[in-house]
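Worksheet for the structure shown next.
The values are calculated or read from the model by the stated rules, or taken from the named source; none is laboratory data. All of these numbers come straight from a predicted model, not from anything done at the bench. Counting neighbours? That spans all protein chains shown, and the Cβs are built from the backbone with ideal geometry, glycine included. These area figures cover heavy atoms from the full protein model, side chains too; ligands, DNA and RNA do not enter into them. Shrake-Rupley method; radii C 1.70, N 1.55, O 1.52, S 1.80 Å.
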Amino acid sequence: VSKRDYYEVLGVSKDANEAELKKAYRKLAMQYHPDRNPDDKGAEDKFKEANEAYEVLSSSEKRKLYDQFGHAGLDRNAGGGGGGAGYSGFGDFEDIFSEIFNGGFGGGFNSSRNRNQPRKGGDVKLYLDLEFMEAVFGIEKEIDFLRTENCEVCTGSGAEPGTNKKTCDKCGGTGELRFRQRSLFGESIAVRECDSCHGSGQTFEKACSTCKGHGIVKKRRKVKVKVPNGIDDGQMIPLRGEGDLGAKGGPRGDVYAVARIKEHTLFKRDGNDVVCDMPITFMQATLGDEVVLPTLDGKVKYKIPDGTQSGTVFRLKGKGVPILNGFGRGDLYVKVNVETPKKLNDKQKKLLREFNESVTIDAYDQQNSFVKKVKDMFKN
Ligand SMILES: [Zn+2]
Ligand SMILES: [Zn+2]
């Protein structure tokens, strides 16, 4: 497989300088980045090709080898630290890409412009424990959780009250830290927000003793949550703007309350349907009976017909769980199981035997059919 010339890949001349290489690479990387071209193999290949070309040409050593010997000169030396041009997976590219755009280009795309923009606060995820019936019919619940608040003592400044502000020692008041970082592309200058002053360029003579200078503290927050009827296990209720504080005037994050529903002693949910297993006696199954069924709304009378087989499922339409954010309800399925009596005394056993002798196999459809099948099978 013949490889394209790296200069050609980037669309630059043989004597392109570092800035021209970066510019050309950045344009291609932006164009073919997988995030912008989902499921496009062609774009993915172009992206890899551009990465490889830039990786080589941006390193003066590798570029020299390439200029002299072409691709052959790089077979052993390409790639940072012994990987060949070994791009093992896409994760690598993501890293490289973010590395470039977070620093390598010295401010093209990066933090120094975005740093002072408002940022939304973090989201808070919590579990909301619900009883089975609470989830079925909805309820208002109070939840409490920890989230960040501005420190009341220093009103969020981080300075001990009564002390003065001063220029940040760490960044000299610029609010950003620049440092060299080594990457596959060689050395570059990365710019990061100063962690000492959080980008403001100012610190204080004495840090607030309550928040240790962070300006924020974790506080317990109580909120009422309206749990909609029909919510199922694992579904989330979003509470917009109830999460952690934003930065630089950005909005608070959100809270996600994840429903965790307790099991019921009688009912099991299957989406909006509810299933209930009910034991009945041999007598009830045989002669039929009017029984009392438990439903989500209370007890109802139900007529079990005579000759009911074990495992029969009765459907009670519209007696299930209300449909979340919709209309109507699921169904209730009652499955009856014939329970075999145990611990019978001698008299009871004798009565059963007498009864059994009085019944012919014609009373048993399933046995009748089974016996016939067995006979057929062993005819010869
Ligand atoms: Zn600073
Ligand atoms: Zn404070």
Note to self: with every protein chain in place and a 1.4 Å probe, the range 162-251 gives an accessible area per residue in Å² of 60 Å²
Expressed in µm² per second, the diffusion coefficient of the range 1-47 from the Stokes-Einstein equation, with Rh the Kirkwood radius over alpha carbon pairs, at 37 °C and 0.692 mPa s, is 285 µm²/s
Dividing the mean separation of Cα pairs under 8 Å (6+ apart) by the residue count of the chain yields a relative contact order in percent of 14 percent
Cα-only Rg/Rh for the range 224-380 with Kirkwood Rh rounds to 1.25
Distribution output for the range 145-263: share of Cα-Cα pairs per 10 Å bin in percent, first bin at 0, values 12, 27, 24, 19, 13, 4
Along principal axes, largest first, the alpha-carbon spread of the range 259-344 in whole Å comes out as 50, 24, 19
quick shape note, the range 217-309: Cα extents on principal axes in Å, largest first -> 76, 19, 17
Output ordering of 294-303, 166-175 (per-residue mean of other Cβ within 10 Å, highest first) is 166-175, 294-303
Taking a ≥ b ≥ c as the square roots of the eigenvalues of the Cα gyration tensor, with a/c under 1.5 meaning rounded and otherwise prolate when a/b exceeds b/c and oblate if not, the range 298-380 is oblate
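Can you check what the net charge comes to around Arg147, using other residues whose Cβ is under 9 Å from the Cβ of Arg147 (Lys, Arg +1; Asp, Glu -1)?
Result for the neighbourhood of Arg147: +2.
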Label model pair Lys379, Glu152: point-to-point distance (7 angstrom along the Cα→beta-carbon line) in nm is 9.2 nm
Expressed as a percent, the accessible surface of the chain that is carbon or sulfur, using a 1.4 Å probe and the full set of protein chains, is 49 percent
The chain -> Rg/Rh from Cα coords, Kirkwood Rh, value 1.25
P(r) over all Cα-Cα pairs of the range 175-240, 10 Å bins from 0 to the longest distance, whole percent per bin, short to long, reads 15, 22, 18, 21, 19, 5
